[in-house]
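The values are calculated or read from the model by the stated rules, or taken from the named source; none is laboratory data. Source: prediction; values computed, not measured. Cβ placement follows ideal geometry from the backbone for every residue including glycine, while neighbour counts extend to all protein chains displayed. The area values use the complete protein model at the heavy-atom level, side chains included, leaving out ligands, DNA and RNA. Shrake-Rupley method; radii C 1.70, N 1.55, O 1.52, S 1.80 Å.
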Amino acid sequence: MIITHKDPRQFHTRSVELAPYRHGINITAVGERINFNSLQKRRKPCQSKIPGTFANLGVSAQVHLRTDNTDYLILVRQFKDDHWQLKLPSGYIPDEQLHNPYLTLAQEIAEECLLENGPAFARCRLNNDLLAPAYKELTYCSEVLLELQSSPWNPLHLPQTDIYMNERLLPGNPMLYIHSQTCSAQLVYPLEVTRLPDTQLSLLHAEEEYNWETEQLDVVLNQELWLAKLDNRQIYALGKFIDGRYQQQPTPANTRLSEVFAHQG
């Protein structure tokens, strides 16, 4: 189901330089603004060394959901090249938000993680801030909320250090890794679902897909939002959240974990 369309020509970003700073890492945007097509051409394999310059800065949400005394990590399944890939909900940070990547985090949460409540969708609250509805084409129910808070939870064992942007400490305790296959620096914000409404809700996903005929991005609503069941902070089963409960699913064929999972201990 296509929800809406976006014009990729409206997106611009910049490359970033990473360098050690005050026992942490400082991020600085460098070079001229580049559009979506130019960015894709720059995203080629590179070495993940700091200091270094990288194609772009992205943001990911590492969302922890605990229900029925079990821990889950919310993942997105995307088709990439010749296989499916499970990854954290994530997106590119546009130039106008590079000063505060938290803004992109909030936008990605509202756009990608949709909690279906019958014919309507729940609103999102992030760290007590009610996020604007992501899609005017959908009906939202203000009485039902998907509530998330910043959390120290780190099941992927990503390196933890202070992260600065233009020598200013970023709020939300983000972690950082280099996605060497695309030469991209990625901020990872650890979040926790603090409360799920006690109703028959289902977690759905909205994905941007490039339409070569219209040269637009189609935003498609699908069921590719997965829950990874964790035991001792390791993934051992996959499922989905359907009709108010976790339902285990067979591991999808030709599906791999994204590079970030190489950081697991």
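One table, with the values for the structure above:
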| item | result |
| --- | --- |
| Residues of the stretch 165-186 with amide N under 19 Å of the 7 Å Cα→Cβ point at H99 | 165-172 |
| Partners for K229 among aspartates and glutamates (Cα-Cα distance below 17 Å; same-chain residues under 8 apart left out) | D68, D71, E192 |
| Around V220: net Lys/Arg minus Asp/Glu count, Cβ-Cβ under 9 Å | -4 |
| The chain: proportion of alpha-carbon pairs further apart than 30 angstrom, % | 26 percent |
| Beta bridges by DSSP in the chain, antiparallel share as percent, to the nearest 5 | 75 percent |
| Rounded Å value of the spacing that divides the Cα centres of the stretch 7-29 and the stretch 81-132 | 19 Å |
| q = 0.16 Å⁻¹: log10 I(q)/I(0) that the Debye formula gives for the stretch 168-244, counting C-alpha atoms only | -1.05 |
| Over 26 Å between alpha carbons, listed pairs K80/K240; K41/K136; K41/K87; K41/K80; K44/K240; K49/K87 | K41/K136; K44/K240 |
| Inter-label distance for E167 and N128, nm, one decimal - labels placed 7 Å from Cα along Cα-to-Cβ | 3.2 nm |
| Ranked packing of 121-128, 54-61, most packed first, by mean Cβ within 10 Å | 54-61, 121-128 |
| Per residue accessible area in Å² of the chain, where ligands, DNA and RNA are left out and the probe is 1.4 Å | 50 Å² |
| Virtual spin-label span in nm between N69 and A237, 7 Å along Cα→Cβ | 1.4 nm |
| Sulfur and carbon atoms: percent of accessible area, the stretch 12-133 [1.4 Å] | 45 percent |
| Fully extended contour minus Cα-Cα distance, from E143 to Q223, at 0.36 nm per residue | 26.5 nm |
| Ellipticity estimate at 222 nm from DSSP helix runs (n ≥ 4, -39,500 (n - 2.57)) divided over the chain, nearest 500 | -2000 deg cm²/dmol |
